[in-house]
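The values are calculated or read from the model by the stated rules, or taken from the named source; none is laboratory data. Note that the structure is a prediction, hence the values are computed from the model and not measured. Heads up, the Cβs are rebuilt from the backbone with ideal geometry, glycines too, and the neighbour counts pull from every protein chain shown.
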Amino acid sequence: DVKVTQSSRYLVKRTGEKVFLECVQDMDHENMFWYRQDPGLGLRLIYFSYDVKMKEKGDIPEGYSVSREKKERFSLILESASTNQTSMYLCASSSGQGDNSPLHFGNGTRLTVT
Amino acid sequence: GNSVTQMEGPVTLSEEAFLTINCTYTATGYPSLFWYVQYPGEGLQLLLKATKADDKGSNKGFEATYRKETTSFHLEKGSVQVSDSAVYFCALSDPPGGSYIPTFGRGTSLIVHP
């Protein structure tokens, strides 16, 4: 079965800390995505990557960066965490380009910044 | 650009009631349409999809029909169970050759009481 694994289910960090959220997929997918999910706002795309070392900004990239050094791994980085980054973070992957393939999601990381 | 509009929740039903969650979309071209489900504490998972007009996607007793004339993809189930309590997301993706970034609705929470 296909799998997207996020390294942590829950994280608590302090304001100003550098935070790494890790995501690994075992499906050899080209595309990977980071979303944040907040009540009433649905899913908002932070960054996505369509190939190793390639990245594109999504709708809300401010305060975040990403790294994709290997095809299976896509990391989200909060350079200096702030309380407004408290949220649920979801990683996803998909194959190909516009081929009707669905996204496969991890179980999410609930990040609290205090 | 593309957009997806879902009915606002929460939708509250008694067990064995009939469920409809409305979804309409705006898209250029001929998109594929999806319903995802998010159970408490988990990421999203694909529930069903349809790739062309009049296609009916179905899974776990849920159905949705791709209606191009009304640009809709409403989710239905004849008899809901408590275990169906979750958040449901309607989404679309461009046809092959288009963007591989899907567009999501904001999600509709379903609460089923025994």
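If only one of B:Glu69, B:Glu16 is more than 23 Å from A:Tyr35 (Cβ to Cβ), surrounded by fewer than 17 Cβ atoms within 10 Å (Cβ to Cβ), out of contact with any Ser or Thr (no Cβ under 7 Å at 6 or more places or on another chain) and away from chain A (no Cβ under 14 Å), which one is it? Spell out how you get there, then give the answer.
Values: B:Glu16 fails: out of contact with any Ser or Thr (no Cβ under 7 Å at 6 or more places or on another chain).
Going through B:Glu69, B:Glu16 in turn, just one is more than 23 Å from A:Tyr35 (Cβ to Cβ), surrounded by fewer than 17 Cβ atoms within 10 Å (Cβ to Cβ), out of contact with any Ser or Thr (no Cβ under 7 Å at 6 or more places or on another chain) and away from chain A (no Cβ under 14 Å): B:Glu69.
Every residue in the range B:72-100 that is within 10 Å of another protein chain (Cβ to nearest Cβ) and of a type in the set (Asp, Glu), please.
Here is the first cut: in the range B:72-100, the ones within 10 Å of another protein chain (Cβ to nearest Cβ) are B:87, B:89, B:91, B:93-100.
Result: B:Asp94, single match.
Does the range B:39-54 include one or more residues that are aromatic (Phe, Trp, Tyr) and buried (at least 19 other Cβ atoms within 10 Å of the Cβ)? Steps first, please.
First, pick out the residues of the range B:39-54 that are aromatic (Phe, Trp, Tyr): B:39.
Then drop every residue that is not buried (at least 19 other Cβ atoms within 10 Å of the Cβ), which leaves none.
Checked against the condition, which is being aromatic (Phe, Trp, Tyr) and buried (at least 19 other Cβ atoms within 10 Å of the Cβ), the range B:39-54 yields no hits at all.
Considering each residue of the range B:8-26, count those that are modelled with pLDDT of 90 or more and either among the β-branched types (Val, Ile, Thr) or outside any strand (DSSP E or B) (or both), and give that number.
So the count comes out to 12.
A quick yes/no check of all residues on (1) in contact (Cβ under 8 Å) with a residue 12 or more places away in the chain; (2) away from chain B (no Cβ under 11 Å); (3) farther than 18 Å from B:Tyr100 by Cβ; (4) buried (at least 21 other Cβ atoms within 10 Å of the Cβ):
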{"site": "A:Trp34", "(1), (2), (3), (4)": "yes, yes, no, yes"}
{"site": "A:Met54", "(1), (2), (3), (4)": "yes, yes, no, no"}
{"site": "A:Glu62", "(1), (2), (3), (4)": "no, yes, yes, no"}
{"site": "A:Glu72", "(1), (2), (3), (4)": "yes, yes, no, no"}
{"site": "A:Leu103", "(1), (2), (3), (4)": "yes, no, no, yes"}
{"site": "A:Asn107", "(1), (2), (3), (4)": "yes, no, yes, no"}
{"site": "A:Thr112", "(1), (2), (3), (4)": "yes, yes, yes, no"}
